[in-house]
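FYI, it's all coordinate maths here, none of it is from the lab. Being a predicted model, the structure only gives us computed values, none of them experimental. Here the Cβ positions follow ideal geometry from the backbone for every residue, glycine too, while neighbour counts run over all protein chains shown.
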Amino acid sequence: MIAVVGLVLVALAIAGLVYRRRTRPAGPGTERAATAPTSTAPAPAASAKVPAGGLAARIRGAFGPGRQDPWPELERILIAADVGPATSDRIVRDVRERYASGEDPTALVGTEIRTILGESERLDLPGDRLGIVLIVGVNGSGKTTTIGKLAARLAAEGKRVSLAGSDTFRAAASEQLGAWAERSGAHVVSQERGADPGAVAFDAVKAARARSSDVLIVDTAGRLHTKQPLMEELKKVRRVIEKAAGAPPDETLLVLDATTGQNGIAQARAFTEAVEVTGVALTKLDGTAKGGVVLAVRDLLGVPVKLVGTGEGVGDLEPFDAASFAARLLGG
């Protein structure tokens, strides 16, 4: 009897030890793959954002072995890259018409991107009088930095540059513009915070002419495109420039953040309607797959990209090149 009880106690002890081992939490570095149950949860959905490597791998994946209908996936890939539904649909339709089995679909997409962007356009500034560039955009897009880089670029080409600090709403805006003026050798006209932006622009036109400047770049307050009173103020600045100079600005550049997504289309439409935007300066294009929104801006509004900012340095502003942009967006 004693032996039987002893055997029962030993069996219970062994069972308890096994139970504790199975339920004990895994410590750091503990391998549990062999005993962990297989999860039946669905795999997480793919990120809506495009990986830094570009679109090429995802496009080729959509056309991989066993894929019967790659076209909806191609459209999803383009929309995720901020190309926009309408322009994505156009690209898919055109590629589908030209695609043949065995072809590289990324090459066809690249051709469509370059077709939409059209020929690269440069700033159109006069050589026999003061040229005026009006800079517009929302807060945080990089307007003042773009102005500084553009001033430095023009100065390096031998042009005399003046700057107008018509952003009189943002704290330290005039100080930031002044710092860029020192770096680029430009002359700056500004007034105290809260001054009338139109009055600053008017004075700057007169001062630039008196100094025989070749180019005047006018900064403006960042404003949400949905705020109508602020857009009316921007229209007023443009009218004042036209009155002072005898002609509208030669260029009105919308500074657009490459990471802004589909909101960039609404921004471009609102600013174009308000001040007749002639081109886009695309900022924060740092080598990753960004900036697809400019395809929609070009396709739907006809506004070309003229400049791209690729970094924080004074020299990190380049003329836009459609072929290079397409290659950057696709990512190889």
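What to note about this one:
- Between the amide H of G279 and those of T252, L254, distances stay under 5 Å, these residues lying 5 or more places away or on another chain, with hydrogens modeled in the peptide plane.
- Stretch gain in nm, segment D94-E73, where the contour uses 0.36 nm per residue and the Cα spacing is subtracted: 6.0 nm
- Whole-angstrom gap from segment 137-171 to segment 64-85, using each part's C-alpha centre: 39 Å
- Surface/4 of the Cα convex hull for segment 100-241, nm²: 11.5 nm²
- Taking segment 142-167 and a reference point 7 angstrom along Cα→Cβ of N263, the backbone N atoms nearer than 16 Å belong to 142-143.
- The slack in the chain from A156 to A199, taken as 0.36 nm per residue of separation less the alpha-carbon distance, amounts to 12.6 nm.
- FRET efficiency for the pair A323 and A247, taken as 1/(1 + (r/R0)^6) with r the Cβ-Cβ distance and R0 = 30 Å, rounds to 0.35.
- Difference of contour (0.36 nm per residue) and Cα-Cα distance, L230 to R129: 33.3 nm
- Kirkwood Rh in Å, taken over segment 259-325 so that all alpha-carbon pairs contribute: 12.3 Å
- Label reach from R209 (point 7 Å along Cα→C-beta): in segment 247-274, amide nitrogens under 11 Å belong to 247.
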